[in-house]
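Participant: This is the structure, below, for whatever I ask next.
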Amino acid sequence: MRGTQVAHLREVPVGLADALDVVAGFDDALTNGLGRIGERDKAALTAVADAVVGTPLADAVAAAVGAVTAGSVTPEHLTALAGARSALLGAAHDALLGQCDAALGRARSPWTAPGTAPSDTPPALAGARAWWHEVAVTGWRGVDHELLTAAATVVEAALTAPASRRIAVLLDGLAAELRACVPVATMAEVPARRWGDLWARGVLLTEGTQQSDEAPRVSGRLLPLGVDVHTHDTAVQVQLHAVLEPTGGGQPRLIRTAVAAAKVDTIVGPAVWRLLSAHPLLLTALAEHRALTVTDLPLRGGDLGWADDRVRLDEPADPFATARVLLPAASAAATAPLDRHPTAIAEPVLVEGSPVRDEDGTLAVDVDGERVVLAVDRLPATGPLTTDLVATASACLGLLRWDDGRWQLQPLAVRATVKRRVVQAHNGDWACGVTDPKIAKEEARAGDAVAVLRERAGRLLRR
């Protein structure tokens, strides 16, 4: 990544601020509750309707706004409003991603909609839909223990059916956050954007359509770039960013693949890797910097479905070499409609330059006189990357993200000089166990929380 490319990213897309302001107004109304709309909230909802005039959503959203302001809120109205909110953020996503692609010179394939078919709404999803409706009417300020108890019932039912587990994980995680904040009414500041994002996604996921199981199958050599670790009190997901060299030749493709597991809040740090022990080949590839050969894996857009029985380990592959040689020519896939959101942008880039600290203490990397802020707050506690190590880096392999009104670089791996020796550190280095003796000793002293919990769970099942 060059300085001229960084300079191009400083331009703000036209209309971006306006779209985000409309979403913020809607989120404020949702915080107060759509069951008691004041004049300010009415104006915010009207702004949403005005923003989608001329689109296929216009009539449905106008009807929903009219009904809500009149005191009548139905699930269908909420679906229209959630769709409008998501469409506005999707437009912001497209403008920012287009700016990023132009700066990087990255080719991106158009979106191809998968086959869908109408289906009856299972009882579990019907229960989730009713819960999202109740939350919207009550508002975040009105969330109480009774409402959260109802969420637990919905989650339990949704977990029994594979088709509804996605909504179950989302609802379980949100309920855990809300439970920690009750009474929400006394909070000085509500995370309205985050909770609004989760609410809208939950509402749209409960719609009565299902995606076809058919997806194009791909085979080839998978060359890892880096891994992004997402942890929550109730779940962990490891998302691998990689370049796929298709079998038979063809243009390299940027892809992502992910595995996940449920967890509890006491499992933190490197211990979360043990929750993913069902995927030993992926963990080995991360820890040993190995390529993978994949055979007939489903590919939806840029997301590769993972199946351990269709993967085998290949030769060692340096992620920095992969980024330098293959990344510039790799094509990217369009983002699925439901995933179009500014915070979902995560574009792999290689930046070579020296980190510097701005006057406010912000760590940035200098690229030909242009600075890119380093999102060190996103460094996971599951690997060896630390702020101090990133500050000494001469090269950083990371994800270009848009956050807090600016582009930032989230480090996935760095090359640095430590005690006169050039070293590399990657987020996935500890996937098969901690390699830092000091950290390993601390882990041993703390005990294996995963093993203890599994043993206790086994006792309960045997009773």
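Throughout, read-outs are computed from the coordinates displayed, never taken from laboratory work. Just so it is clear, the model here is predicted, and its values are computed rather than measured. Glycine gets a Cβ as well: all are built from the backbone with ideal geometry, and neighbour counts include every protein chain shown.
Participant: Under the rule a/c < 1.5 gives rounded, and otherwise a/b versus b/c splits prolate from oblate, where does the chain land using the Cα gyration tensor?
Facilitator: Details: a/c = 1.57, a/b = 1.32, b/c = 1.19.
In terms of gyration-tensor shape, prolate.
Participant: Which one, Val169, Gly142, Val184, is farthest towards the positive end of the dipole of the range 115-211 when Lys and Arg carry +1 and Asp and Glu -1 on their Cβ?
Facilitator: Of the listed residues, the answer is Val169.
Participant: Give, as a single signed number, the net charge of other residues whose beta carbon lies under 11 Å from the beta carbon of Arg378, with Lys and Arg counted +1 and Asp and Glu -1. Walk me through the numbers before you get to the answer.
Facilitator: Working: positive: Arg401; negative: Asp228, Asp377, Asp403.
Every neighbour counted, the sum reads -2.
Participant: I've got another one for you. Tell me which of Val294, Pro252, Gly305 sits at the most positive position along the dipole axis of the chain, charges placed on C-beta atoms (Lys, Arg +1; Asp, Glu -1).
Facilitator: Of the candidates, Val294 comes out farthest on the positive side.
Participant: Continuing with the same structure: Calculate for the chain the 222 nm mean residue ellipticity that helices alone would give, adding -39,500 (n - 2.57) per DSSP H run of length 4 or more and normalising by residue count, nearest 500 deg cm²/dmol.
Facilitator: Values: 14 runs with 184 residues, N = 463.
One gets -12500 deg cm²/dmol as the mean residue ellipticity at 222 nm.
Participant: Determine the sum of side-chain charges near His8: Lys and Arg each +1, Asp and Glu each -1, restricted to other residues whose C-beta is under 15 angstrom from that of His8.
Facilitator: On the way: positive: Arg2, Arg10, Arg106, Arg371, Arg406; negative: Glu11, Asp101, Glu347, Asp368, Glu370.
Taking every other residue near His8 into account, the sum is 0.
Participant: Now a separate question. Within 10 Å of each candidate Cβ there may be at most 13 other Cβ atoms; applying that plus a DSSP loop requirement, which GluC sites (Glu not before Pro) in the range 1-89 survive?
Facilitator: Here the GluC sites (Glu not before Pro) that fit, given the DSSP loop and packing criteria, are Glu11.
Participant: Obtain the nm distance between the two label points defined at Val418 and His8 by a simple spin-label model: each point lies 7 Å from its Cα along the Cα-to-C-beta direction.
Facilitator: The modelled label-to-label distance comes out at 3.5 nm.
Participant: Between Thr284 and Ala126, what length comes free when the chain is fully extended (0.36 nm per residue of separation minus the Cα-Cα distance, one decimal in nm)? Walk me through the intermediate numbers first.
Facilitator: Working: separation 158, 0.36 × 158 = 56.88 nm, distance 4.09 nm.
The Thr284-Ala126 span can extend by a further 52.8 nm.
Participant: Using only the alpha carbons of the range 300-441, what is the convex hull's orientation-averaged projected area in square nanometres? Mind showing how you got there, number by number?
Facilitator: Numbers: hull surface 46.1 nm².
Directional mean of the projected Cα hull area for the range 300-441 stands at 11.5 nm².
Participant: I would also like to ask the following. Just flag the trypsin sites (Lys or Arg not before Pro) in the range 1-63 sitting in loop per DSSP whose Cβ has no more than 15 other Cβ atoms within 10 Å.
Facilitator: On the way: sites: Arg2, Arg10, Arg36, Arg40, Lys42; in loops: Arg2, Arg10, Arg36.
Passing both the DSSP loop test and the Cβ count: Arg2, Arg10, Arg36.
Participant: Would you calculate the convex hull of the Cα atoms in the range 217-329 and tell me its volume per residue in Å³? Walk me through the numbers before you get to the answer.
Facilitator: Details: hull volume 11.5 nm³, N = 113.
That works out to 102 Å³ per residue.
Participant: Under 20 Å Cα-Cα from Lys419, which lysines qualify once same-chain neighbours fewer than 8 residues away are excluded?
Facilitator: Lys438
Participant: Dipole size in debye (nearest 20) for the chain around its Cα centre, Lys and Arg Cβ +1, Asp and Glu Cβ -1? Walk me through the numbers before you get to the answer.
Facilitator: Numbers: 45 positive and 55 negative charges, 249 e Å.
For this selection, approximately 1200 debye.
Participant: On to the next question. Angle check, please: helix 165-181 long axis (alpha carbons) against the longest principal axis of the chain (alpha carbons), in degrees 0 to 90, nearest 10.
Facilitator: 80 degrees
Participant: Would you work out the relative contact order for the chain, in percent, from Cα pairs under 8 angstrom that are 6 or more residues apart? Intermediate values should be presented prior to the final figure.
Facilitator: On the way: 831 pairs, mean separation 69.8, N = 463.
Relative contact order for the chain comes out at 15 percent.
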